[in-house]
């Protein structure tokens with residue numbers, strides 16, 4: 001399901017960017033530019049938000065931690081952490 005959501009995010013962002021490019025040109029002289037520009041910005045923002053939420057390489061969705069951090073004590077005080085492999 002993660003792949004489908006990411007693909008949906010890319011598709012929406014692509015459609016939004018295409019709409020932004022269309023709004024800046026003179027392809028449709030009868031349609032006001034804001035009628036294309038505002039929905040395109042919204043669709044692009046939704047697509048980017050979906051991509052961020054579903055995660056990717058180094059994104060917020062990537063939460064797997066291979067190593068475990070273990071505290072280093074000096075007396076009763078934690079002075080640092082070391083990485084311990086599982």
Exercise. Can you find a residue in segment 50-69 that is more than 11 Å from the chain's Cα centre (by Cα), modelled with pLDDT of 90 or more and either loosely packed, with under 11 Cβ neighbours inside 10 Å or not in a loop (DSSP other than H, G, I, E, B) (or both)?
Worked result: no
Problem set entry | Selection count where residues are surrounded by 15 or more Cβ atoms within 10 Å (Cβ to Cβ) and over 21 Å from the mean Cα position of the chain (by Cα), scope segment 1-45 | 4
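The values are calculated or read from the model by the stated rules, or taken from the named source; none is laboratory data. Because the structure is predicted, anything quoted here is derived from the model rather than measured. Using ideal geometry, Cβ is built from the backbone for each residue, glycine included, and neighbour counts are taken over all protein chains shown.
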